[in-house]
Amino acid sequence: MDARFITKSTRSCSTSSKAHALITCTSLFIMNRKARTQEERNEIAEQEIAKWLDYVEMRSKELPEKLKINPLMEKEMRFVWVRTTELEKKAIPLSKMLDLHYAVATKYKMRIPVDPKNLAQMIHPHYGYLISMPGEFEYEDLTTFYGYQLVSTMERLEGQSLLAEEISALSYWMILDKEAKGCLSLEKFVLLLKAFRENIKKGTLEEIKEEYKFLLTLNPGEFLKENNTHLRFDFARRIFLERCST
């Protein structure tokens, strides 16, 4: 988490908490540039993602009532969920999330107070990041995902558009990074990029470096000279922001 984003986004924190977050994240950013091994960078990446998750948890406690999933919304979504899942199965492929939301909107209304842009990023054909992700959701996974999206919505409503996009990026990242390691294997990272509709074909590290060479000039310490076996959330975050700005 870059220090410049922390200072903008923690207005509701105490001064001491804000200062602590600023110092911690600045230190992690510098440490990553100085790290000499992949193991060191993996440890730093895990600390970075922990700070993001702590921030989301803190902000989720500050959601106003209008941005919470109330019992009626919960009942409607669960009703459709049960009838959408196949017999003896608890999960729905992410590729079917559009069908689920269409069923909810058809039978009821789409009452969950997610910002229209966030919803479009999830299931609209032009974006469709969620429905392009591999894997499947159980019901609890969906509610967790919506938790991120509601915090993102709150940030957007408060004028923090950049931070809203970062938290949205985090929601997709966590689908693949279930253990909150803060970094993904090259194979999984490529799956994420493809879900973001990025122009990745070969899926090699060399292709990624070429595709994002300008972005990498802004952070020349992103990769080691060799043995880059894992890629960080911070890199994915920057790619997501670049995509959202176009």
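The values are calculated or read from the model by the stated rules, or taken from the named source; none is laboratory data. This one's a predicted model, so the numbers in the text were calculated from it and none came from an experiment. Note: ideal-geometry Cβ built from the backbone for every residue, glycine included; neighbour counts use all protein chains shown. Only protein heavy atoms, including side chains, enter the accessible area calculation; ligands, DNA and RNA are left aside. Shrake-Rupley method; radii C 1.70, N 1.55, O 1.52, S 1.80 Å.
When H124 is tested against (1) farther than 25 Å from L191 by Cβ; (2) open to solvent by 50 Å² or more (accessible area, probe 1.4 Å); (3) of a type outside the set (S, T, N, Q), only condition (1) is not met. The requirement of being modelled with pLDDT of 55 or more, farther than 21 Å from D115 by Cβ and open to solvent by less than 50 Å² (accessible area, probe 1.4 Å) is fulfilled nowhere in region 55-78; no residue meets it. Regarding region 224-244, can at least one residue be identified that is open to solvent by less than 30 Å² (accessible area, probe 1.4 Å) and touching a Lys or Arg at 6+ places or on another chain (Cβ under 7 Å)? No - not one qualifying residue is present in region 224-244. The set of residues in region 107-118 that are assigned to a helix (DSSP H, G or I) and farther than 14 Å from F196 by Cα comprises K107, P116, K117.
Exactly one residue among L100, L176 is surrounded by 15 or more Cβ atoms within 10 Å (Cβ to Cβ) and over 22 Å from F233 (Cβ atoms), and that residue is L100. Pairs are defined by a Cβ separation below 9 Å, a sequence spacing of at least 6 or placement on different chains, a first member in region 58-84 that is farther than 21 Å from E138 by Cβ, and a second member that is open to solvent by 70 Å² or more (accessible area, probe 1.4 Å) and not small (G, A, S); the pairs so defined are L67/L157; N70/R111; L72/R111.
Within region 192-212, is there a residue that is without any contact (Cβ under 8 Å) to a residue 60 or more places away in the chain, buried (at least 20 other Cβ atoms within 10 Å of the Cβ), touching a Gly at 6+ places or on another chain (Cβ under 9 Å) and not in a loop (DSSP other than H, G, I, E, B)? For region 192-212, residues without any contact (Cβ under 8 Å) to a residue 60 or more places away in the chain, buried (at least 20 other Cβ atoms within 10 Å of the Cβ), touching a Gly at 6+ places or on another chain (Cβ under 9 Å) and not in a loop (DSSP other than H, G, I, E, B): present. Taken together, the criteria place Q47 among residues that are modelled with pLDDT of 90 or more and within 19 Å of G221 (Cβ to Cβ). Go through the residues of region 137-154 one by one and say whether even a single one is more than 14 Å from the chain's Cα centre (by Cα) and within 19 Å of L192 (Cα to Cα). Checked against the condition, which is being more than 14 Å from the chain's Cα centre (by Cα) and within 19 Å of L192 (Cα to Cα), region 137-154 yields at least one hit. Reported count of residues in region 219-246, each being more than 14 Å from the chain's Cα centre (by Cα) and either modelled with pLDDT under 85 or part of a loop (DSSP other than H, G, I, E, B) (or both), is 13. Of all residues in region 198-246, exactly one satisfies the criterion of being out of contact with any helix residue (DSSP H, G or I) (no Cβ under 8 Å at 6 or more places or on another chain), within 19 Å of L170 (Cβ to Cβ) and basic (K, R), namely R243. Among all positions in region 156-163, there is at least one residue which is assigned to a helix (DSSP H, G or I), over 17 Å from R238 (Cβ atoms) and more than 11 Å from the chain's Cα centre (by Cα).
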